[in-house]
Amino acid sequence: MEFIAATNNPGKMAEMRRILERMGHTVRSQREAGVTLEPEENGTTFAENARIKARAICEAAGTATIADDSGLCVDALDGAPGVYSARYCGRHGDDEANNDKLLEELAGVPEGKRAARFVSSICVCLPGGRCAVFEGVCPGRVGFVRRGTNGFGYDPLFIPDEVGVPGGGGTAENTQGRSYAELSAAEKDAISHRGRAMERMEAELARFLADGSVIGMTCGNACITVADKAEG
């Protein structure tokens, strides 16, 4: 299937393209599709923001669209930065400043109380207004210093509980305490919030395309899926 990815974030675009192409889909960026629209993300949840982006780009392009809204939720900060992850420092998309602020907010918080989780809501929207949202979660903790050069956003600070095993061998405990940014693409995609959300999407996509339904379910660290009808 061909999608337009509703994002202008190059790091997110690269990750979405990598995962979707591995699943056999084709994905174009907004820029490649000639869509310059920047929807206002004024939702209060990841799912709401994903729907806003997917619907807006789908309506503008008239093509099936996939959008991701994601962020880091830290227990010691009552779930912050959450939906404000990309603009935590007050400016949108300043990764370095966002990481600096996160470290400042957690100054003095010991390792045992730095639990966090990355959350991703993936929304698929079809011309005509039907949308479905698929959610993935990756639990872990926030480190004390940046480590690694892969990834983007909070990846250098986030230490997942598990890592993917090279060669498609499942997952394993992250005994070395490596950050998202120290993992290979395959190691990250196997356990990442975005990878898990897209796995659920892929499992439900044929059913959704056929009759607009998905199976709502919660499965540990995997996902929650929600379908909503076309408005009108």
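FYI, it's all coordinate maths here, none of it is from the lab. All values reported here derive from a predicted model rather than from experimental measurement. Note that each Cβ is placed from the backbone with ideal geometry, even for glycine, and that neighbours are counted across all protein chains shown.
What order do you get for LYS113, LYS101 when you list them from fewest to most C-beta neighbours inside 10 Å?
Going from least to most buried by this count: LYS113, LYS101.
Rounding to the nearest 20 debye, state how big the charge dipole of the chain is about its Cα centre with +1 on each Lys and Arg Cβ and -1 on each Asp and Glu Cβ.
Numbers: 26 positive and 34 negative charges, 45 e Å.
The dipole magnitude comes to about 220 debye.
Quick check on the chain: helices-only [θ] at 222 nm, where DSSP H runs of length 4 and up contribute -39,500 (n - 2.57) each and the sum goes over total residues. Nearest 500, please. Don't skip to the end; give the middle numbers.
Values: 6 runs with 68 residues, N = 232.
Computed ellipticity for the chain at 222 nm equals -9000 deg cm²/dmol.
Which value in nm describes the separation of the simple spin-label points at MET23 and HIS92, placed 7 Å from the Cα toward the beta carbon?
2.5 nm
Taking the chain as the reference, fit the longest principal axis to its C-alpha atoms, fit the long axis of helix 10-22 to the helix C-alpha atoms, and give the angle between the two in degrees, 0 to 90, nearest 10.
Its long axis makes an angle of about 60 degrees.
Can you pull the one-decimal nm distance between simple spin-label points at TYR84 and ARG31, each 7 Å off the Cα toward Cβ?
2.9 nm
If the chain between THR45 and SER184 were fully stretched, how many nm would it gain, using 0.36 nm times the residue separation less the Cα-Cα distance? Walk me through the intermediate numbers first.
Working: separation 139, 0.36 × 139 = 50.04 nm, distance 2.92 nm.
Extra length from THR45 to SER184 when fully extended: 47.1 nm.
Return MET16, MET23 ranked ascending by Cβ neighbour count within 10 Å, so the fewest neighbours appear first.
The order, fewest Cβ neighbours first, is MET23, MET16.
Given R₀ = 45 Å, FRET efficiency for VAL145-LEU209 by Cβ-Cβ distance, to 0.05? Each step should come with its number before you reach the end.
Working: r = 45 Å, r/R0 = 1.00.
Result of the calculation: an efficiency of 0.50.
Would you please put 168-178, 194-204 in order of how densely packed they are, using the mean number of other Cβ atoms within 10 angstrom per residue and starting with the highest?
In descending order of packing, they fall as 194-204, 168-178.
Which residue, GLY71, ILE122, ALA97, has the largest displacement toward the positive end of the dipole of the stretch 1-127 when charges sit on each Cβ (Lys, Arg +1; Asp, Glu -1)?
Toward the positive end, the furthest listed residue is ILE122.
Work out the FRET efficiency for GLU202 and ALA107 from their Cβ-Cβ distance, taking R0 = 35 Å, and round it to the nearest 0.05.
Values: r = 41 Å, r/R0 = 1.16.
My answer for the efficiency is 0.30.
Give the long-range amide H neighbours of THR171: residues separated by 5 or more places, or on another chain, with amide H under 5 Å away, using H modelled in the peptide plane at 1.01 Å from N.
Amide H neighbours of THR171: VAL165.
Which one of PRO139, PRO160, PRO127 has the biggest mean-square fluctuation once the chain is modelled by GNM with Cα springs under 10 Å?
In this elastic network of the chain, the residue with the biggest mean-square fluctuation among PRO139, PRO160, PRO127 is PRO127.
For ALA14 and GLU173, calculate 0.36 nm times their separation in residues minus their Cα-Cα distance, and state this gained length in nm to one decimal.
Numbers: separation 159, 0.36 × 159 = 57.24 nm, distance 2.59 nm.
Difference between extended and current length: 54.6 nm.
Would you mind checking the tilt of helix 46-61 against the longest principal axis of the Cα atoms of the chain, expressed as 0 to 90 degrees and rounded to 10?
The helix 46-61 is inclined about 40 degrees to the chain.
For the chain, compute Rg over Rh where Rg is the Cα radius of gyration and Rh is the Kirkwood radius from the inverse mean 1/r over Cα pairs. Working shown, then result.
Values: Rg = 17.1 Å, Rh = 17.8 Å.
In the chain, Rg relative to Rh is 0.96.
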